[in-house]
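K.L.:
Next up is a structure, given as structure tokens.
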Amino acid sequence: MKLYLAPLQGMTTAFYRNAFAKHFGSIDAYYAPFIASSDLTKVSYKLLKDILPEYNDNFLRLIPQILGNDGDQFKGYALAISDMGYREINWNIGCPFPMVTNKKRGSGLLPYPDMIDSFLHTACSDNSYSVTVKMRLGLCDTEEGFKVMNVLNQYPLGGVIIHARTGKQMYEGKVDIDSFELLAAQCRHEVTYNGDIFTYEDFLAIHTRFPAINSFMLGRGALRDPFLPAAIKGYKVPSDNKISIVSQFHDDIFHYYKEKLSGDKHLCDKMKEFWDYMHVHLDNDGKLMKKIKKCHHSSDYLELMSHVFGSGATWT
Ligand SMILES: Cc1cc2nc3c(=O)[nH]c(=O)nc-3n(C[C@H](O)[C@H](O)[C@H](O)COP(=O)(O)O)c2cc1C
């Protein structure tokens, strides 16, 4: 069984992925947040910085992702990326944000199977890399996904990751497991399940219902509980050790952003984003998150952290 870390733009950057692998592990591949392809004649290396092998300790396990609707642009980026040593390039047709979908990108492409066809015709015309797809069930309607799958089935893709929601749902509401089942059954490629695996029990429910599915992508669930991938793989991390591991992970992330960001406000804002996920298993009553939100100076923040990690807190 394979576990993949989902890409979360702004969160799962190279440094985060490296620190995650160092402290928690149990992830077979890390998908990088999307790089938007553009009509530049030359591929922009600034955009590619996050995936440069020298910044990625686990570069052999990193899968770069491209967002776009132009097959030639995709191919240009994919060739530059494959020159760095990457063999799999993931195409994002799942992003739900209106500023993306309104331009017929991300899940905004799902109502247009013909565009997907002509995109893949070009994108899959070079065998220096393998294309995988990350999609949703549709933009507004799950019927859209079936038409898209007919097209995907005609190309030699390396796999299809399905987030079991429509684009219109954004990240809200329930995952639609029945529609996922139908779409996955129609797919001729290897399918990876994605969506709302927050606990071991969530994983088990999906795994039990779809015994033929062998790969799972974890996003917010792994960011909230970085011990979840290990639990799914059957490794037990003693509860007493968890806080100290989280503390070391936190310190690595904090020191990285302290070096990188200018000003305390940016630093505190970034750490709030980190805690938006991480507080869930540490903060039963929500008081910790309130205190973190009140920190505007790194000295206040660090004092708060010394209480959090020094007070015998438990990871639940
Ligand atoms: C803040 C945020 C940023 C995201 N950025 C990306 C991205 O760059 N590329 C992508 O394919 N999916 C992106 N996603 C979607 C996740 O990869 C994943 O498909 C989604 O969160 C569902 O999985 P989960 O329920 O395990 O989190 C993002 C999600 C969130 C919440």
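The values are calculated or read from the model by the stated rules, or taken from the named source; none is laboratory data. In this text the structure is predicted, and so the values were computed from the model without any measurement. Please note: Cβ atoms are built from the backbone with ideal geometry, for glycine as well, and neighbour counts cover all protein chains shown. We work out accessible area using only protein heavy atoms, side chains counted, and drop any ligands, DNA or RNA first. Shrake-Rupley method; radii C 1.70, N 1.55, O 1.52, S 1.80 Å.
K.L.:
Place a point 7 Å from Cα of LYS49 in the direction of its Cβ. Which residues in the range 250-264 have their backbone N less than 16 Å from it?
P.N.:
256-263
K.L.:
Accessible surface of ASP70 in the full protein assembly, 1.4 angstrom probe, to the nearest 10 Å²?
P.N.:
50 Å²
K.L.:
Given a 1.4 Å probe, how much area per residue of the range 239-310 is accessible, in Å²?
P.N.:
57 Å²
K.L.:
Moving on. How large is the accessible surface of GLU144 in square angstrom, using a 1.4 angstrom probe and rounding to the nearest 10?
P.N.:
Counting only protein heavy atoms, GLU144 exposes about 40 Å² to solvent.
K.L.:
With the alpha-carbon atoms as the only input, what is the per residue convex hull volume for the range 1-111 in Å³?
P.N.:
Here the figure is 110 Å³ per residue.
K.L.:
Here is a further query. Could you list, bin by bin from short to long, the percent of Cα-Cα pairs of the range 244-316 in 10 Å steps?
P.N.:
19, 60, 20, 1
K.L.:
For the range 12-71 and the range 177-237, what is the separation of their C-alpha centers, rounded to whole Å?
P.N.:
When both Cα centres are located, 22 Å separates them.
K.L.:
Per the Kirkwood formula on distinct C-alpha pairs, the Rh of the range 75-193 is how many angstrom?
P.N.:
14.3 Å
K.L.:
Note the angle between two axes, namely the Cα long axis of helix 200-209 and the longest principal axis of the Cα atoms of the chain, as a number of degrees from 0 to 90, rounded to the nearest 10.
P.N.:
It works out to around 20 degrees.
K.L.:
Over all directions, the average projected area of the alpha-carbon convex hull for the range 2-232 comes to how many nm²?
P.N.:
Quarter of the Cα hull surface area: 11.3 nm².
K.L.:
Sticking with this structure for a sec: Got a number for the accessible area of CYS124? Probe 1.4 Å, square angstrom, nearest 10.
P.N.:
Here the accessible area works out near 30 Å².
K.L.:
To continue, here is another question. What's the angle, to the nearest 10 degrees (0 to 90), between helix 142-152's Cα axis and the longest principal axis of the chain?
P.N.:
For helix 142-152, the angle is close to 60 degrees.
K.L.:
Of the candidates GLU143, GLU273, GLU259, which one comes out as most mobile in a Gaussian network treatment of the chain with C-alpha springs shorter than 10 Å?
P.N.:
Result: GLU259 has the largest fluctuation of those listed.
K.L.:
Take SER306 and GLU172, extend 7 Å from each Cα along the Cα→Cβ direction, and tell me the distance between the two endpoints in nm.
P.N.:
Between SER306 and GLU172, the label points sit 4.3 nm apart.
K.L.:
Is there a quick way to get the dipole size of the chain? I mean about its Cα centre, with the Cβ of Lys and Arg at +1 and of Asp and Glu at -1; what is the value in debye to the nearest 20?
P.N.:
Dipole about the Cα centre, nearest 20: 380 debye.
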